[in-house]
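*Asks:* What follows is a structure written as structure tokens; I'll ask about it next.
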Amino acid sequence: MAIDHHHHTPPIHGVSTLRVLPDEGGMRNWDRIIVDAKIKTRLLSHALLALAHEKEFYALPGALQRLVILSGPPGTGKTTLAAGLAEVVANELAEKGDTCLVEVNPHALPSEMLGESQRNVARLLDNSLPELALRYPHVVVVIDEVESFAVRRSSASFEANPIDVHRASDAVLEGMDRLMKRSPNVLVVATTNFPGAIDEAFTSRADLVLSLAIPDLETSAQIIALSLVELAGIWEEIGDLASNGDLHRQLAELCVGWDGRQLRRLPLKALSASKELALNPGKLKAKHLFQAVTA
């Protein structure tokens, strides 16, 4: 399977994206995601510890599971942060070779057919990922919405076949254990909107569980500012809006409870509110941003 240094949708069942890093995209995800600096530091330090010393930890069985879980409400940047982590790791470890970022879409794996879910999961964890681990010095696997992948067996819905749910969750746990034993150069970052829905045995395997929250006032203002700065890089006329800290704070106060994704899109929401602005984004004014908050 040929993989280039661009975004590529590979023919691996359940995998939505493969990227070989470092690439020309640089650290766009890591730099664009604004979360508590302590979370970024902890996440990066742990990933570097696991991937820079995989041989040493391999000699200490059970010392490191190389599984990290990012939990939090939708729109808090979990997936972007996970992809950004791979970008930074790739730059830090570039002298030791490439890093392969693998984004898994668990929704592509379940099947209505009894037993097929387990086979899909087993193929991914026992074949596809170990093969990538043999080809690349470092592999970062991002599993989005892992609660659909490692369903909590104690509260499995009886509308689904409970036996199949048990088997599917067992297949995930056993497959993860085998993957970690066979491929010490793999780090798995799982994201979840509903940590309570994940099987306890999966959570207990994680070295690190980090919670991302809805942005506070200061963070909200920073996210709005960054979004305007990016637009001002294209339309210079809105440079004043991008540098107006008071404006960003006033907008943030009106957007309490908004998630990061909503905040980032506020300027775009303003631009798409009228034909004139859509055709001439440089005419964006503060009043349009305030209107967009309540629109």
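*Asks:* Hey, in the GNM for the chain with a 10 angstrom Cα cutoff, which one of Val188, Val142, Val229 fluctuates hardest?
*Replies:* Val229
*Asks:* Arranged by the count of other C-beta atoms within 10 angstrom, fewest first, what order do His248, His107 take?
*Replies:* Going from sparsest to densest Cβ surroundings: His107, His248.
*Asks:* Excluding residues on the same chain fewer than 8 positions from Lys55, give the lysines whose Cα lies under 23 Å from its Cα.
*Replies:* Lys96, Lys181
*Asks:* Mind checking which of Ala252, Pro74, His166 is farthest towards the positive end of the chain's charge dipole, using Cβ charges of +1 (Lys, Arg) and -1 (Asp, Glu) about the Cα centre?
*Replies:* It is Ala252, whose Cα lies furthest towards the positive end.
*Asks:* Still on this model: According to the square roots a ≥ b ≥ c of the eigenvalues of the Cα gyration tensor, what is the shape class of the range 71-144, taking rounded for a/c under 1.5, prolate for a/b larger than b/c otherwise, and oblate for the remainder?
*Replies:* It comes out oblate by the Cα gyration axes.
*Asks:* Choose one answer from Ala108, Ala47, Ala168: the residue with the largest mean-square fluctuation in a GNM of the chain with alpha-carbon springs under 10 Å.
*Replies:* Ala108
*Asks:* Okay, moving on. How high is the relative contact order of the chain, in percent, with contacts defined as C-alpha pairs under 8 Å that are six or more residues apart?
*Replies:* Averaging sequence separation for qualifying contacts and normalising by length gives 21 percent for the chain.
*Asks:* A further question on this structure: Show that you can apply the helix-only estimate: for the chain, add -39,500 (n - 2.57) for every DSSP H stretch of four or more residues, divide by all residues, and state [θ] at 222 nm to the nearest 500.
*Replies:* Taken over the chain, the calculation gives -13500 deg cm²/dmol.
*Asks:* So what is the relative contact order of the range 217-294, in percent, for Cα pairs below 8 Å that sit 6 or more residues apart?
*Replies:* 36 percent
*Asks:* Taking the Cβ of Ala63 as the center, what net charge do the other residues with Cβ under 14 Å away carry, scoring Lys and Arg +1 and Asp and Glu -1?
*Replies:* +1
*Asks:* Would you mind counting up the charge near Ala83? Only other residues with Cβ under 13 Å from its Cβ, with Lys and Arg at +1 and Asp and Glu at -1.
*Replies:* Net local charge, Ala83 excluded: -1.
*Asks:* Cross-link candidates for Lys38: which aspartates and glutamates have Cα within less than 16 Å, leaving aside residues fewer than 8 places away along the same chain?
*Replies:* Candidates past the 8-residue exclusion: Asp216, Glu218.
*Asks:* Another question, if that's okay. Along each of the three principal axes of the Cα atoms of the range 182-223, give the extent in whole Å, ordering the values from largest to smallest.
*Replies:* 45, 26, 13
*Asks:* How big is D, in µm² s⁻¹, for the chain by Stokes-Einstein at 25 °C and 0.890 mPa s if Rh is the Kirkwood radius over C-alpha pairs?
*Replies:* The estimated diffusion coefficient comes to 119 µm²/s.
*Asks:* So how do Asp98, Asp246, Asp199, Asp177 line up by other beta-carbon neighbours within 10 Å, fewest first?
*Replies:* Exposure proxy ranking, most exposed first: Asp246, Asp177, Asp98, Asp199.
*Asks:* Of Val15, Val189, Val139, which is the most mobile in a GNM of the chain whose springs link Cα atoms less than 10 angstrom apart?
*Replies:* Val15
Bear in mind these aren't lab numbers, they're just calculated from the coordinates by the rules spelled out. What you are looking at is a predicted structure, and each value in this text was computed from that prediction instead of being measured. No Cβ is skipped: glycine too gets one built from the backbone with ideal geometry, and neighbour counts run over all protein chains shown.
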